[in-house]
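Reading through the structure tokens given below for one structure.
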Amino acid sequence: MKYTFSGGYHPPDGKSYSEKMPIEKMPSPKIAAIHLHQQFGAPSKAIVNIGDEVKVGQPISEAGGFVSAPVHSSISGKVKAIAKITDAAAGNKSDAVIIESDGKDEMFPGVGEKSDYSQFTADEIKKKIAAAGITGMGGARFPTHVKLSPPAEKKINYIILNGVECEPYLTADDRLMQESPDTIIEGLKLMMKVTGAEKGIIGIEKNKPESIRIMKEKTASMHDIKVIDLEVKYPQGGEKQLIFASIGKEVPSGGLPMDVGVVVSNVGTANAVYEAVAMNKPFYERVVSVTGESIASPKNLLVRIGTPTSELIEFCGGVKEDVFKVINGGPMMGAAMYSMEAPVHKGTSGILCLSKENAAVYEEQPCISCGKCVSVCPLRLVPTEIQMNVQYKKYEQAEKLGIMDCMLCGTCAYVCPAKRNLVHYFKIGRAKIAEMKRKK
Amino acid sequence: MDKMLIVSANPHIRDKSSIAKIMYIVILSLVPAIFASYWFFGFRAIILILIAMVSCVVTEAAIQKFRKKPVTVYDGSAILTGILLAFNVPANIPWWIVMLGSVFAIAIAKQAFGGLGYNIFNPALIGRAFMLASWPVEMTSNKFWTQPYTGETMDAISSATPLNLVKTALKDGSTKETVEILAEKGIGYWELFIGNVSGCIGETSFLALLIGVIALIILGLVNWRVPFFYIGTVFIMTWLMGYDPIFHVLAGGLALGAFYMATDMVTSPISNNGNIIFALGLGFLTVSIRVWGGYPEGVSYSILIMNCLVPLINKFSVPKKFGFVKPKKA
């Protein structure tokens, strides 16, 4: 059986730069800048003051509501300032707690203490996940405890772990699946326990045969967990595409995975869930692929949240002469960075250094209605028409055509022979429509 | 790192395709048909193709210069229009008609609408319609339809096209089968298939055009649904009406129209379903004109008529969105 979805496209995947590089622990930074708002939802509120001593794993903020998550110190040292720092995800500057390291890397009491987590109730597990500040690690950074708390009438049948990593270049999830499969599977079991889901699915794209082999081997005796090998096609790892490929159900437009009885979570997140519950370890470090043709030595690194991008690049031997763009995330959906001071955040899956040859910026040509964008759109929209409606400020028409369903995956813009910047317009259109709705 | 970095919206990598690449590949795919036109109609066919190409390119460049717009003739679209337009004329037509047709095609059908991507009608076919309306004798008279080369004689002999032959015979009350009417002139299915019959220089060889379009379908530049449903409709309709379906598929400009004119990206619908509706309409109109209309051939007008329905077709053939559910009744 072929597990996939309609539409999509497979760009050259560029994984060879870093797919063979084992995860390496990067030394903790001298100064860490930890943003208070690094999750979907409300910003968190700082609970430390300038001059306070903090330890690794110590909470430095509290959640700003239910849909929010606290952040933790990733190094030990002194709080130097709470200042505005460039946020790679948002593109602007926002409040961050700046901590100067004392070089000792002392742990906050209790962090790393193993516990017999099999005795925990669902609520206890959920509380631990929330306290550890875990968010989705794939990029959207949705707080995990919220995902795991569906309203009572929504029965969750499946937890699907996203090990697809369909973004070209990125290899962080691939490496994690090969190097710590057991913790990922334990994390999955914990999530199944919390939601009462009977089945767990781990979806992996076929171009990661080693991860598939290891995961299949590890889950061979588990009748309630299935590993499925998905067709290699972007955006196979899109939440709705992954659900459709795995269980053949379409998440309704405007709905959430829970509407079809599913919770989707990244493999990295499952690993973090395990660490939070079993080892009392909050979310203060993550795996980041530093890769691309314009970095001297590509690596997969275990990095403390808040480490400046410049330090990651330096640790990988610096950029080559031909660097043209540096991207936080994958090449299809990541954010282009203008400042290397921007720190690693909870959703940073990669730092890509791309050359002009691969990341060239083109002049737009007129649409020749070739229909390629329509045939690749995983949501079966008509991208070119939506784009034109936004260009001519017909936002209502764009909304009718489904601009809010669009997930900005960029497949249409990737294949467009006229090099039209479709996603650019979609982002403008969505912002305008959201603004119009707020005014009403 | 003190280098200035580029910031733009995602995606940060792009496919290497471009409009110019698409156009030049389509032009390359026409090489077999160009060769067939030379083989059957002689060097004059090549001259006409060159005249049309040059006229199209010069017209486009001149208009863009005049309007102070960037000159985009390097994208190959004007060259392609030129070739396709020349394919639509008989070999003995005066060269200046082809030149004027080309100027009209680019100036009125393409640039007046805003240039590449904005034209509603296929420019080459508008050029043909213009020439047909302005010089009907030169475009259709038997004097200008040339019998293809047989190898022995270098002189083109005037002769009617197969479609014309059959239509005239049927009008005159002939009760003979189509095959018999053609056989009297020494024309069989094989001649029709390879293009050894009189007609416009680029339309006669079904074979040469088929080779080109198969290449384009494999490369993903032509939506197979258009030629498939167009030719399929013509075949089934003529068969049901008691005509010779194989003749109707092989004769006239159907191959050129179905493979290259109706599949023009700019003037055809955008979705797969839209293209199927478009092709069914084309088949119906073509057969209607051939059977009931005054002209023996109906391909070009069918395409022009369907071209103006494209925005409407696009509106009604929007694909079903992923996850679209009918709103629940309250």
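A compact table of results
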read-out	value
Neighbour-count ranking [beta-carbon atoms within 10 angstrom, fewest first] of B:W239, B:W190	B:W190, B:W239
Helix runs (DSSP H) in chain B reaching 27 Å along axis by Cα, Kyte-Doolittle at least 0.0	B:43-66, B:272-292
Sparse-neighbourhood loop sites, trypsin sites (Lys or Arg not before Pro) in region A:304-365 - DSSP loop, at most 14 other Cβ within 10 angstrom	A:K320
Spacing of the two label points (7 Å from each Cα toward its C-beta) at A:E314 and B:I46, in nm	6.7
Relative contact order for chain A, counting Cα pairs under 8 Å that sit 6 or more residues apart, in percent	19
Fraction of antiparallel bridges per DSSP, region A:124-279 only, in percent to nearest 5	5
Mean-position separation - Cα centroids, region A:91-144 and region A:280-305, in angstrom	17
Ranked list, fewest to most other Cβ atoms within 10 Å of each Cβ, for A:M388, A:M436, B:M4	B:M4, A:M436, A:M388
Rg/Rg_globular for region B:19-140, with Rg_globular taken as 2.2 N^0.38 Å and Rg from C-alpha atoms	1.01
FRET efficiency, 1/(1 + (r/R0)^6) with R0 41 Å, evaluated for B:M4 and A:Q119 via beta carbons	0.15
Where GluC sites (Glu not before Pro) in DSSP loops with at most 15 other Cβ within 10 Å are excluded, longest remaining stretch of chain B	B:178-330
Region B:10-24-region A:349-405 distance, computed between alpha-carbon centres (Å)	13
Net charge over other residues, Cβ less than 13 angstrom from the Cβ of A:P366 (K, R count +1; D, E count -1)	+1
Qualifying lysines (Cα of each under 17 Å from Cα of A:K432; at least 8 residues distant if same chain)	A:K393, A:K394, A:K400, A:K440
Overall form of region B:203-244 per C-alpha gyration tensor (a/c, 1.5; a/b vs b/c)	oblate
Cβ-Cβ FRET estimate between B:V31 and B:I305, R0 fixed at 35 Å, reported to 0.05	0.70
Sum of side-chain charges, B:Q64 neighbourhood, beta-carbon under 13 Å (Lys, Arg +1; Asp, Glu -1)	+3
Lys/Arg +1, Asp/Glu -1 at C-beta; region B:19-140 dipole; positive extreme among B:A86, B:I34, B:Q64	B:Q64
At R0 = 56 Å, FRET efficiency that the Cβ-Cβ distance of A:E62 and A:E363 yields, to 0.05	0.70
Net charge dipole size for region A:372-439 [Lys, Arg +1 and Asp, Glu -1 on Cβ; Debye, nearest 20]	180
Tensor-based shape of region A:124-279 (alpha-carbon gyration tensor, a/c under 1.5 rounded, otherwise prolate or oblate)	rounded
Descending Cα extents along the principal axes, chain B, whole Å	80, 59, 33
Charge dipole (debye, nearest 20) of the protein assembly as shown; +1 at Cβ of Lys and Arg, -1 at Cβ of Asp and Glu	1920
Residues of region A:31-73 with amide N under 15 Å of a point placed 7 Å along Cα→Cβ from A:E100	A:31-33, A:50-54
Global geometry of chain A, whether rounded, prolate or oblate, following the gyration tensor of its Cα atoms and the 1.5 cut on a/c	rounded
Theoretical ellipticity at 222 nm over chain A - DSSP helices of four or more residues, -39500 (n - 2.57) apiece, nearest 500	-8000 deg cm²/dmol
Those GluC sites (Glu not before Pro) in region A:231-324 that DSSP places in a loop and that have at most 12 other beta carbons within 10 Å	A:E321
Cβ-placed point charges (K, R +1; D, E -1), dipole of region B:19-140 about Cα centre in debye, nearest 20	320
Exposure proxy order (Cβ contacts within 10 Å, fewest to most) of B:I218, A:I156	B:I218, A:I156
Pairs of Cα atoms farther than 25 Å apart, region A:37-177, %	40
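Laboratory data are not the source of any read-out in this text; all were calculated from the coordinates shown. This structure is a prediction, so every number in the text was calculated from the model and none was measured. No Cβ is skipped: glycine too gets one built from the backbone with ideal geometry, and neighbour counts run over all protein chains shown.
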